[in-house]
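Here is the structure we will look at.
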Amino acid sequence: MPVRDSLASRSAFRSANAERWTAERIARLSTAEIKQLRENAERLNETALAALCAEVLAGKPRVRGRPRGAR
């Protein structure tokens, strides 16, 4: 019966896909995609995935556009 207990403790709507994300896989995404993934993880209460996204975002260099008028 331990299998049934572990299944009952998991939400019927929660996916095991969150467990498949690694820092390396997230780092291959664009910044916009990582932000969207983090927002989705937060909405679905996947705190570990949201924290991993935030960690990867913190390590990404910030890209700034060129100043207006500069050519």
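Read the figures in this text as sums done on the coordinates, not as results from a lab. Worth saying up front: this structure is predicted, and the values here are computed from it rather than measured. Cβ coordinates were reconstructed from backbone atoms using ideal geometry, including for glycine residues, and neighbour counts include every protein chain displayed.
Some points to look at:
- Charge dipole of the range 16-59 (Cα centre as origin; +1 on each Lys and Arg Cβ, -1 on each Asp and Glu Cβ, all else neutral): 100 debye, rounded to the nearest 20.
- Residues ARG66 and ALA27, FRET efficiency given R0 of 25 Å [Cβ-Cβ distance, rounded to 0.05]: 0.50
- For the range 16-59, the relative contact order is 45 percent, taking Cα pairs closer than 8 Å that sit 6 or more residues apart in sequence and dividing their mean separation by the residue count.
- The peptide list 57-66, 23-32, 42-51, put in order of mean Cβ contacts within 10 Å with the highest first, becomes 42-51, 23-32, 57-66.
- Considering only Cα atoms, the convex hull volume of the range 16-59 works out to 58 Å³ per residue.
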